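The values are calculated or read from the model by the stated rules, or taken from the named source; none is laboratory data. What you see is a predicted model, and the numbers here were worked out from it, not measured in a lab. Quick reminder, even Gly has a Cβ in these numbers, built from the backbone with ideal geometry, and neighbours come from all protein chains shown.
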Amino acid sequence: MFRKYTNTSDQPLTSVDLDLCQRAFDAALFELNIDKESEEAERVAAVIITLFQHGVSNERHLTAFVTATRGHIYRASV
């Protein structure tokens, strides 16, 4: 029951978590044709980590959310 009220963003990411986020990141960059060394790639990485910390733990969902919001990510950071 306590877990229900714990904010997942307060917990450190494990190597398994980071591997999942890396795969979602790689898939999103491939789908969106973004260079891994670009500023946009940094924004994508930040969004994936934030989504994961807020409970989105499915690799496909992470990729889908990022690819669906590409324009919003860019506009929000400019």
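Couple of notes before you dig in:
- Subset of segment 54-73 (residues that are part of a helix (DSSP H, G or I), modelled with pLDDT under 95 and exposed (fewer than 13 other Cβ atoms within 10 Å of the Cβ)): Ala68, Gly71, His72
- Residue selected from segment 13-53 under the condition of a type in the set (Asp, Glu) and closer than 14 Å to Val66 by Cβ, by the criterion surrounded by the most Cβ atoms within 10 Å (Cβ to Cβ): Glu40
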